Amino acid sequence: PLIFVLNGPNLNLLGTREPHIYGHDTLADIDARLIAQGEKLGLAVECYQSNHEGALIDWLHEARARGAKAVLLNAGAYTHTSVALHDAIKAVELPVIEVHLSNPHKREEFRHKSYIGMAAMATVAGFGARSYSVALDAAAGL
Ligand code: DQA
């Protein structure tokens, strides 16, 4: 089974980006751990990152075309703005797990609304980089 891990804007800067909020792991560290965790779970994990909304939408479509079992999606700030990503999640009819390193509900008011969460199957947030591992474990059990 195939799992897509999609990361949105500014997540390529993990490791140096506001480490007091997002931690010191780089996205490459996180991706490598998820691929290794996937091997143990019998899952093929493919990781993608883009700062562009449309690229994330294209990968959601590709996940469906390739018969992915689930998608882990950290849409970054597009979480709070993107009706287009919301619609794409609904369109592909795949289990999408919304992931955040931080807990957006503990932060600024503008992070409290999630267009992703309103369409996704589930949300994992607030465990730092471990949020992705928790989500991958959950995806394995689907
Ligand atoms: C984030 C939370 C978002 O509010 C923020 O815009 C991000 C990262 C997180 O993983 O905690 O870019 O998605």
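Every number in this text was worked out from the coordinates using simple rules, so none of it is lab data. Not measured: the values here are computed from a predicted model. Reconstructed Cβ throughout: ideal geometry from the backbone, glycine too, with neighbour counts over all protein chains shown.
Structure notes:
- Condition check for Ser131 on (1) among the hydroxyl-bearing types (Ser, Thr, Tyr); (2) crowded, with 19+ Cβ neighbours inside 10 Å; (3) in contact with a helix residue (DSSP H, G or I) (Cβ under 9 Å, 6 or more places away or on another chain): one failure, at (3).
- Those residues of region 105-119 which are of a type in the set (A, V, I, L, M, F, W, C) and more than 10 Å from the ligand (Cβ to nearest atom), in sequence order: Met118, Ala119
- If only residues of region 8-48 that are more than 25 Å from Tyr115 (Cβ to Cβ) and in a loop (DSSP other than H, G, I, E, B) are counted, the one that is farthest from the ligand (Cβ to nearest atom) is Gly42.
- Matching residues, region 120-142, being within 13 Å of the ligand (Cβ to nearest atom), in contact (Cβ under 8 Å) with a residue 12 or more places away in the chain and not polar (S, T, N, Q): Ala120, Val124, Ala125, Gly126, Phe127, Gly128, Ala129, Tyr132, Ala135
- Residues that are part of a strand (DSSP E or B) and among the hydrophobic types (A, V, I, L, M, F, W, C), drawn from region 67-86: Ala70, Val71, Leu72, Leu73
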